[in-house]
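Quick notes on the structure that follows.
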Amino acid sequence: MQQFQHTSFALDKHITPEQIEFFNQNGFLHFKNFVDKKTISEFIHEVENVQEHLLQNNITKVNGIPLKFGTDVDGKTLIQRLAFASHYSKKLQQFLKDPRLQLLLQLLGNYDARIGENEKDGLVVNHYVNVEGSKYSRLGWHTDSPRDIFLGSRILPMLNVGLHLDDCAFDNGGLRLLAGTHTQGLFRLLFRKKYFINHEPEKNERGFDIEAGDLTIHDGRLWHRVQQSPNIGEKSRRRVMYIPIITGAYRPKHGLSKTPFYHKLAQLQHLPSLAKRLAFPSLVKRVALSNT
Ligand SMILES: O=C(O)CCC(=O)C(=O)O
Ligand SMILES: [Fe+2]
């Protein structure tokens, strides 16, 4: 396991040629202190309010995307994956209009890119905590791109932009990725590893020393996972808001949108291993067929 040294950047008024080159080569970027600590506490507060609203109103899906529930350190119900968060918060909606986020569209080159506030899963808040009852303390290897196939399209260029709400040093787990895998062909994108089931660290995987307020960006085709924290309870808490930057036809979601099949695939990680072995090949075949 290796940590990247000297490869974080600052994002100001422009993306620099060096940053673009780094991204093209590696498939990811890390910007330090994208927002300050005060803003981060406001965002955390905002996410807590959204969670409270959803729980109070017994909302279990937003625009067809299931919320993932677990248990927090104090035994209370926690939403561990919350979709379309900005639909419930003016402050988060405003954040998506930050002109510096618009700069990131350039990373997709000539494509007509946009912030997918109303598309895919919208602004997603992932909340990991390592306690009994938590359903979300890690995430197996995957790329984000095959979700396009389940939404009935070819794989289109996209970025996932993560605003980190908690400090998370490399040793406390967090995002791990395989630099450069965004340029692999379709076969490697689909078959390099077993989606979501495989949690094995790789010797050349990369991780980060994250401080709350940092931004990470990864290409949708890049292989990545989330390493579980070695800590239990409060010290293991990790919250990240993911902003999709997408291309292709505008496909907004709404209250009657269907649940995409990939949410069922992600749930495979909870199946016993025999069931996984039976289910996985047929799912992968389905992915492969729908992309031809
Ligand atoms: O939590 C993270 O940093 C990554 C989450 C992720 O890869 C995903 O939700 O697809
Ligand atoms: Fe992902």
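The values are calculated or read from the model by the stated rules, or taken from the named source; none is laboratory data. Source: prediction; values computed, not measured. Backbone-built Cβ (ideal geometry, glycine too); neighbour counts: all protein chains shown.
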Considering segment 120-129, residues that are among the aliphatic types (A, V, I, L, M) and outside any loop (DSSP other than H, G, I, E, B), and then whichever is nearest to ligand 2 (Cβ to nearest atom), we arrive at Val124
Checked segment 216-242 for anything within 11 Å of ligand 2 (Cβ to nearest atom) and free of Cβ contacts under 8 Å to residues at least 60 places away in the same chain; matches are none
Of Glu117, Glu132, the only residue that is charged (D, E, K, R), touching a Ser or Thr at 6+ places or on another chain (Cβ under 7 Å) and either in a loop (DSSP other than H, G, I, E, B) or buried (at least 22 other Cβ atoms within 10 Å of the Cβ) (or both) is Glu117
task = Can you confirm whether segment 92-101 contains a residue that is free of Cβ contacts under 8 Å to residues at least 12 places away in the same chain, over 20 Å from Asp219 (Cβ atoms) and not in a loop (DSSP other than H, G, I, E, B)?
result = yes
If we keep only residues of segment 135-155 that are part of a loop (DSSP other than H, G, I, E, B) and at pLDDT below 90, then the residue nearest to ligand 2 (Cβ to nearest atom) is Pro146
Given the conditions (1) farther than 25 Å from Lys38 by Cβ; (2) among the aromatic types (Phe, Trp, Tyr); (3) within 15 Å of ligand 1 (Cβ to nearest atom), every one holds for Tyr128 apart from (1)
Per the list (1) hydroxyl-bearing (Ser, Thr, Tyr); (2) within 25 Å of Asn130 (Cβ to Cβ); (3) touching a His at 6+ places or on another chain (Cβ under 7 Å), residue check on Thr77 breaks on (3)
Taking the criterion of being of a type in the set (Lys, Arg) and either in a loop (DSSP other than H, G, I, E, B) or without any contact (Cβ under 8 Å) to a residue 12 or more places away in the chain (or both), would at least one residue in segment 9-16 satisfy it? yes
Among strands (runs of 3 or more DSSP E) entirely inside segment 202-254, those with 3 or more residues being under 13 Å from the mean Cα position of the chain (by Cα) and under 20 Å from Leu78 (Cβ atoms) are 233-246
message: Condition (residue is over 21 Å from the mean Cα position of the chain (by Cα), within 27 Å of His224 (Cα to Cα) and free of Cβ contacts under 8 Å to residues at least 12 places away in the same chain) applied to segment 39-62: is it met by at least one residue?
response: no
All-but-one check, Lys258 against (1) assigned to a loop (DSSP other than H, G, I, E, B); (2) modelled with pLDDT of 95 or more; (3) charged (D, E, K, R); (4) away from ligand 2 (no atom under 14 Å from the Cβ), failing number (2)
Only unsatisfied item for Gln102, checking (1) out of contact with any helix residue (DSSP H, G or I) (no Cβ under 9 Å at 6 or more places or on another chain); (2) surrounded by fewer than 17 Cβ atoms within 10 Å (Cβ to Cβ); (3) modelled with pLDDT under 95, is (3)
Residues in segment 167-201 that are within 22 Å of Pro230 (Cβ to Cβ) and outside any loop (DSSP other than H, G, I, E, B) total 8
Exercise for the section: Please tell me if Glu205 is among the charged types (D, E, K, R) and within 14 Å of ligand 1 (Cβ to nearest atom). Expected result: yes
Q. Can Ile232 be described as away from ligand 1 (no atom under 13 Å from the Cβ) and among the aliphatic types (A, V, I, L, M)?
A. yes
It is to be established whether one or more residues within segment 90-99 are within 18 Å of Glu48 (Cα to Cα) and surrounded by 19 or more Cβ atoms within 10 Å (Cβ to Cβ). yes
